[in-house]
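The values are calculated or read from the model by the stated rules, or taken from the named source; none is laboratory data. Only a predicted model underlies this, so the values are computations on that prediction, with no experimental measurement involved. Here the Cβ positions follow ideal geometry from the backbone for every residue, glycine too, while neighbour counts run over all protein chains shown. Note: areas computed on protein heavy atoms with side chains; ligands, DNA, RNA excluded. Shrake-Rupley method; radii C 1.70, N 1.55, O 1.52, S 1.80 Å.
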Amino acid sequence: MPQPPRRALFALTIFAGSFLLFLIQPLVARLALPQLGGAPNVWNSAMLVFQLLLLGGYGYAHWLSRWPLRRQGLVHLALLLIAALVLPISLADIAPPAAGWEVLWVPALLGLTVGPVFLLVAAQASLIQRWFAAAPGAGNPYPLYAASNLGSFTGLMAYPLWLEPRLSLIAQSELWSVGYGVLILLTALAVAQRWKSADLVAEPVAQALSERPPVRTVLLWLALAAVPSGLMLSTTTLLTTDLMAMPLLWVIPLGLYLLSFSVAFSEIGHWTRILTRIAPVLLLAAGSFAMVSGGQANPAIALAMVGLLFVLAVALHGRLYALRPDPSQLTFFYLVVAAGGALGGAFTALLAPLLFDWIYEHAILLLAGAALLPQTLAIERMRRFLQEHSAGKAITAALVAFAALLAWLLYRATEAGDGETILALVLGLTLIGVALVAVRWAFVVVAALLMLGFGGFSTLALSAQGERARTYFGVYSVVETEGGRFRQLNHGTTNHGRQWLDPERRSDPTSYYGRSAGIGIALDAAAADAEIGVVGLGAGTLACYRRPAQRWTFFEIDPQIAAYSRDGSFTFLSDCTPDARIVIGDARLELAEERPGRFDLLAVDAFSSDSIPLHLMTEEAFATYGRALTRDGLLLVHISNRFIDLAPMVSALAEAQGWQGRLRFDDEDLAEGLTPSVWIALARDEEALARLEGEYAWEPLPRPARRAWTDNNASILPLIRW
C-alpha cells in the first residue's frame, strides 16, 4: 500500500523555493540600482515584473501537471539544471532608457536579467503542492501555501536585515547560487519520494477540464487575488509619497501581504475569522484617510493604513481560501490567483500612473475591497431584512441619504479645520457604514462618501486645478504657501524649492540655498568665469547665484521638473540663467559623458528627498564626480534629510577618494524663507577648501562610516536615524 508523502520534506522544499524567490527580488533590484535610481516607482515596476514571472511560473506548473508525475519531475529537474548555467546572477546588458520610457525599460531589464530562473523557482510552490496532493492519504495540500508565504516573508526580511549589510553583491549572487543548488537537491528528493507511488499518472485532461469551476467562481478568485495585490503596491506608493520614502519602508506592506496568505491559508482559521469581523470597521475608520493629500505624514495614520492592508488582505484571502477547489484543480487555482496578483500589480504600477495625477488607485482598491468582503452569518441575516423587506429598503435608502449629508458637512468642517466636528462626523459616518455592512452597495457608497468628505473633495479640486503632476519618479504639486507669499514645489511631503511671489524678492535664495548655507558660500566664492554643474534642478533656486561670465549646467532625471522652470511656474532660470544647459537623464550616466575637468564646482542636490538614490552615493559615483571636476574644483553635497544621517558616509567616501572636506550646518539666524540645511564641501586639497573660509564657520567632517558604499556593497540600515 502506497505510503502518504512526507509532509515535512514537501513543506521544506516549498519554503526553500519561496525563500530564494524573495532573496532574488531585492538582489536584482540592487544590481540594477546604478541604472534605475531611487524612485519609489522602481520598486513597483520590479514587483510587477516578479508578479508576471510568478504568473508564468504558475502557468508552467499547471501545464506540467497534466503529465504523469515521473515525467513532471524529470522535466522540471532538467530545466532547473539548464537554468543553473546562467548563474551567478548578473545584470543584462541593455541600453539606458530614453526619457519617459522608464516604465517599460525597468521591467525589460529585470525580466532579461532573471526571467528564466525566477520563473522556474516561482513554479515550485504550486508544483510541489500538486505532487504532494496526488498521493493517496496526503490530506489537505493548501496549508502548504502558508509555508510558501512564510518562506517568502523570511527571505524578504533576511535580505535587508542580514544579507545586504554583510555581503557584497557578488557574494550575495554566489550565495544565492548555492541556495539554488540546495533547492535542486530538495526537489530531487521530493521527486524520489513520489517516484514509487502507485498513482504515477495525472488525471486525464478531459476529466480535469470537466471539473473546472464555473466562470463566475474563477472571476471571483481573480478579483479576490487582484485587490490585495494592488493594495499592497498602492499602500507602498502612498506611504513613500505622502509619509516618507524611508529606507525599508516598502518591506512592510509586502511583508504583511505575504503574511496574510499564511494566516488565511492555515488550517487553524480563528485569526481569519477575527480579522474578517473587524475588517469593515477598520476599512471605514482608517480608509477615511485614503484621499487626504499629505494625511499619511502622521505616523499614527500611516500605521493604521498599513494595518488596514493586512486586515483587508487576510479577509479577502480568507474568502479566497474558502472558495478553493478540489486538489485536482490546485495548479489551475494558483494560476488564477497569480493572474489576479499580476492584474492588481499592473493596474497599480502601469495603468494608474497614466490615468491619475495622484494615488487615487488606493481609494479605488479600498472600495473594491469593501465590495468583496466576506459576510458572516449574522450579516447575512441582516442583509435579508435590509434587502428583502420594504421597511429594510427604506431604512437603507434613508441611511445612505443621511450619510451624503454628513459627508458634505464633513467636507465643510475639514476646510474650516474644526477638529471636534470632524471627529464626530467621521464617527457618525463609520457607524452608518457598519449598520449597512450587510448591503454591499450601500456599504461601498458610505465608504466612498467618507473618503470624499474627509479630504477627498479637496484632493480632487487640486487635481482639477492642474496644480499636480505625476510621473514615473513621483507625485509633484505646486502650491502657494504662507498666505500666498511663496510658491512651493513639493514631492510628496518633501520641499523641493520655493520662490517669493513678491516681484522684488523673487530672485532671492530660499529653502536650503541661503547665502549662509554651504552652497551659498561656495557659489559666492566661485570665480567670475567658473563653470558650474548642479545635479538636481528642483525649483531652480541656485540659478540666481549665477554671474554673467559663468556657464551653468543642470542635470535632472525628471522632465516634469524641468517643465516647471520652462512654463513659468518658477522663474529662477528664466530670470537669472536663461542660457543654462539642462541635461535630462540620470546624472551619474550623463556626467560620465562630460569631458574630464569640465566643472569648477559641482553641486549634488539629490539627497534631501527621503528616497535616497544610492547609486549617486558610492565610490564609483564619487569617482565620476572627481573626473568631471577640475584639479582644484569643489564638490558640494547636500545631505539635509529627516531620516538618514549621510555625513559619515560622505566622510568615508571622501577618505576613499583621498579628498579633504568640511561640513556646514546652517540653522542660526536664518532669514525669512530659509530652512536649516547641511552641506558638505569636498576638494582634493586644503587650498581649494580655504576659499570657503570667512564670515561663516565650517566644521570638520565627522568620523567616517565603517565602510564606504560601492556599487557592489551598500546598506542604508546603519545610517537610519532610529
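Filter segment 129-187 down to residues that are under 24 Å from the mean Cα position of the chain (by Cα), modelled with pLDDT of 90 or more and not small (Gly, Ala, Ser), then give me how many there are.
3
Please work out if Ser651 is part of a helix (DSSP H, G or I), open to solvent by less than 30 Å² (accessible area, probe 1.4 Å) and closer than 18 Å to Trp698 by Cβ.
yes
Let's see how each residue does on (1) at pLDDT 95 or above; (2) more than 30 Å from Arg216 (Cβ to Cβ):
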| site | (1), (2) |
| --- | --- |
| Ala342 | no, no |
| Leu350 | no, no |
| Asp357 | no, yes |
| Leu366 | yes, no |
| Met382 | no, no |
| Phe385 | no, no |
| Gly392 | no, no |
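Please go through segment 446-499 and give me each residue that is open to solvent by less than 30 Å² (accessible area, probe 1.4 Å), of a type in the set (Gly, Ala, Ser) and more than 26 Å from Ser565 (Cβ to Cβ), ordered by number.
Result: Ala447, Ala448, Gly453, Gly455, Gly456.
Quick check: is even one residue across segment 647-654 in contact with an Asp or Glu (Cβ under 7 Å, 6 or more places away or on another chain), of a type in the set (Gly, Ala, Ser) and farther than 25 Å from Pro509 by Cα?
Scanning segment 647-654, I find no residue that is in contact with an Asp or Glu (Cβ under 7 Å, 6 or more places away or on another chain), of a type in the set (Gly, Ala, Ser) and farther than 25 Å from Pro509 by Cα, so the answer is no.
What are the residues in segment 45-75 that are assigned to a helix (DSSP H, G or I), open to solvent by less than 50 Å² (accessible area, probe 1.4 Å), in contact with a Phe, Trp or Tyr (Cβ under 9 Å, 6 or more places away or on another chain) and not aliphatic (A, V, I, L, M), if any?
Residues satisfying the conditions are Ser45, Phe50, Gly56, Gly57, Tyr58, His62, Gln72, Gly73.
Answer with yes or no whether Val121 is touching a residue at least 60 places away in the same chain (Cβ under 8 Å), open to solvent by less than 50 Å² (accessible area, probe 1.4 Å) and closer than 30 Å to Asp326 by Cα. Spell out the reasoning first.
Numbers: touching a residue at least 60 places away in the same chain (Cβ under 8 Å): yes; open to solvent by less than 50 Å² (accessible area, probe 1.4 Å): yes; closer than 30 Å to Asp326 by Cα: yes.
Criteria met by Val121.
Would you mention how many residues in segment 194-225 are buried (at least 18 other Cβ atoms within 10 Å of the Cβ), at pLDDT 80 or above and not aliphatic (A, V, I, L, M)?
Residues flagged as buried (at least 18 other Cβ atoms within 10 Å of the Cβ), at pLDDT 80 or above and not aliphatic (A, V, I, L, M) within segment 194-225 amount to 1.
All but one of (1) under 25 Å from Asp666 (Cα atoms); (2) open to solvent by less than 10 Å² (accessible area, probe 1.4 Å); (3) at pLDDT 95 or above hold for Ser511; state the number of the condition that does not hold.
The number of the failed condition is (3).
Closer than 24 Å to His491 by Cα, within 24 Å of the chain's Cα centre (by Cα), part of a loop (DSSP other than H, G, I, E, B) and of a type in the set (A, V, I, L, M), is that true of Ile612?
yes
For segment 538-552, which residues satisfy the criterion of being aliphatic (A, V, I, L, M), out of contact with any Ser or Thr (no Cβ under 7 Å at 6 or more places or on another chain) and buried (at least 24 other Cβ atoms within 10 Å of the Cβ)?
Ala539, Leu542 - these are the residues of segment 538-552 that are aliphatic (A, V, I, L, M), out of contact with any Ser or Thr (no Cβ under 7 Å at 6 or more places or on another chain) and buried (at least 24 other Cβ atoms within 10 Å of the Cβ).
Can you tell me which residue within segment 1-24, out of those that are surrounded by fewer than 16 Cβ atoms within 10 Å (Cβ to Cβ) and at pLDDT below 85, is nearest to the chain's Cα centre (by Cα)?
Arg7
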